[in-house]
1. Counting each DSSP H run of 4 or more residues in the chain as -39500 (n - 2.57), what helix-only mean residue ellipticity at 222 nm follows after dividing by all residues, to the nearest 500 deg cm²/dmol?
2. Once you keep just the Cα pairs under 8 angstrom separated by 6 or more residues, what percentage relative contact order results for segment 1-122?
3. Can you list the residues of segment 240-263 with backbone N under 15 Å from a point 7 Å past the Cα of GLU293, pointing along Cα to Cβ?
4. Can you pull out the trypsin sites (Lys or Arg not before Pro) in segment 41-126 whose DSSP state is coil and whose Cβ has at most 16 other Cβ atoms within 10 Å?
5. Which one, LYS214, LYS154, LYS173, has the greatest fluctuation when you compute a Gaussian network model over the chain with C-alpha springs under 10 angstrom?
6. Mind listing the phi-derived Karplus ³J(HN,Hα) values for segment 208-218, rounded to whole Hz, using 6.51, -1.76 and 1.60 with θ = phi - 60°, and x for any glycine or proline?
7. Placing unit charges on C-beta atoms (Lys and Arg positive, Asp and Glu negative, everything else neutral), compute the dipole magnitude of segment 80-120 about its Cα centre in debye, rounded to 20.
8. Name the residues whose placed amide hydrogens come within less than 5 Å of the amide hydrogen of TYR295, ignoring near sequence neighbours (fewer than 5 apart) on the same chain.
Amino acid sequence: MEKITSLAKRRGFVFQSSEIYGDQNGAWDYGPLGIELKNRIAGAWWKEMTQLHDNIVGLDAAILMHPRTWEASGHVENFTDPLVDCKKCKSRFRADMIPEENLSAKKCPDCAGELTDTRKFNLMFKSNIGPAEDTASIIYLRPETAQGIYVNYKNIIQSNRMKIPFGIAQIGKAFRNEIVTKNFIFRTCEFEQMEMQYFVKPGTDEIEFNEWKKQRWAYYEKLGVKMDHLRWHQHGPDELAHYAKDAYDIQYLFPMGWRELEGVHNRTDYDLGRHSEYSGKDMQYIDQDNNNERYTPYIIETSAGLTRNVLMILCDAYDEEKVADKGDADDIRTVLRFHPNLAPITVAVLPLMKKDGLAEMAQDIRKELQEDYATDYDQAGAIGRRYRRQDEAGTPFCVTVDYQSKEDGTVTLRFRDSMEQIRVPKAELAMKLRQEIKGYKRIK
Ligand code: ATP
């Protein structure tokens with residue numbers, strides 16, 4: 001993880017928030033390559049959900065919601081983690097994350113000092129809206145995006161004439177006052193989620209739940225993720241949320257071990273039932289195709305962390321490889337093997353030399369490719385070093401313009417994964433890239 005964190009900083013994927021003031025714990029900034037990667041991951045998910053499903057539509061709800069929302073959802077009462085402090089070294093721990101023997105002996109896992117009793121700690125960030133700091137003005141930063149979907153479900157049925165089963169997808173920020181934030185961007189206080197809530201008729205929920213499990217698995221396969229690094233984890237009775245009938249996590253084998261990447265949950269009619277109770281509004285669905293039958297839909301949720309997906313994709317793509325392309329048998333190159341659809345830069349254009357018109361020719365090629373691809377241009381330093389820089393940024397294709405290009409109009413196309421180089425006529429470059437991206441198969 002240290003290597004990935006350091007590469008992420010060095011190459012401008014992710015920086016610590018407010019670094020010049022000594023960092024803000026639990027918050028991170030996405031640099032030029034990081035925001036491109038994050039946008040592409042979000043784009044892939046959004047396409048999967050909305051473009052490829054006729055019955056799923058998008059939403060972008062506000063972060064600030066009526067405080068009653070969080071009473072209805074159960075977050076005010078239940079969204080807590082068990083917390084213990086060490087009286088000696090002042091470290092703070094989630095009680096469910098330290099060894100049982102330390103907890104029962106009240107012994108700090110770091111310094112063996114005495115631990116406090118376990119107490120409940122609500123993870124919601126609370127603030128005040130308006131000038132008066134009284135209880136009437138309390139507002140929460142949303143701890144999940146899902147509730148914005150539930151409170152809009154009737155609006156969307158009416159405005160978009162949706163019929164059950166249908167889904168609503170949303171990507172957005174969520175905030176949790178996490179007790180322990182470590183492992184880089186894995187668990188942070190400010191993060192982004194990609195959630196899709198699927199409204200189904202009670203009785204069909206188990207079939208739909210299994211269908212969504214299948215679809216989410218296939219999605220990661222399509223992204224080109226190492227499938228032996230993914231597994232299912234079913235929530236046992238002590239893990240299952242109070243509203244859930246069944247819940248599975250997709251876990252990824254991160255450098256620190258298997259951890260949750262995404263949850264697929266059968267949330268029953270709990271959420272809509274509670275919002276109906278707390279708002280006094282009828283949240284039932286009226287099935288006009290079926291004698292106006294009324295029922296409160298069940299909800300199948302697929303809830304993924306976008307920023308956690310960024311970490312997963314970085315870990316999954318990271319590779320170090322022994323290469324001898326520069327004559328040294330022990331030379332190691334660092335390469336990010338992103339799928340070309342996710343890579344922050346798709347193609348880098350490099351003139352072999354700055355002089356003799358090669359730079360101009362390379363810039364013209366870049367201009368032509370720019371309309372369709374995320375490009376980079378680099379003319380600084382030896383060509384081998386420039387390739388390595390692009391490998392580290394995860395750029396799948398490099399185009400090199402050399403003296404032969406001036407003579408016969410061909411350029412070198414270099415592939416990141418195999419380091420293979422072929423010559424391609426300049427005029428066929430865009431088409432060749434399109435083919436390579438479409439037919440991309442990860443080789444390592
Ligand atoms: P955990 O048990 O890890 O705290 P959770 O089960 O509370 O997570 P959910 O509420 O199901 O998580 O949230 C859905 C997804 O949102 C998670 O699978 C994860 O990818 C992401 N997520 C949740 N909390 C955080 C966080 N603090 N930082 C980054 N991503 C998060």
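1. -8500 deg cm²/dmol
2. Working: 116 pairs, mean separation 18.8, N = 122.
The normalised contact order for segment 1-122 reaches 15 percent.
3. In segment 240-263, the label zone of GLU293 (backbone N under 15 Å from the point 7 Å along Cα→Cβ) covers no residue.
4. Passing both the DSSP loop test and the Cβ count: LYS87, LYS88, LYS90, LYS106.
5. Fluctuation is largest for LYS214.
6. 5, 4, 5, 4, 5, 4, 4, 5, 5, 5, 4
7. 220 debye
8. Those lying under 5 Å, H to H, from TYR295 are TYR285, ASP287.
The values are calculated or read from the model by the stated rules, or taken from the named source; none is laboratory data. The structure displayed is predicted, hence computed values, not measured ones. Here Cβ is always computed from backbone atoms with ideal geometry, including for glycine, and neighbour counts include all displayed protein chains. For the accessible areas, the whole protein counts, side chains as well, though only heavy atoms, and no ligand, DNA or RNA atoms are used. Shrake-Rupley method; radii C 1.70, N 1.55, O 1.52, S 1.80 Å.
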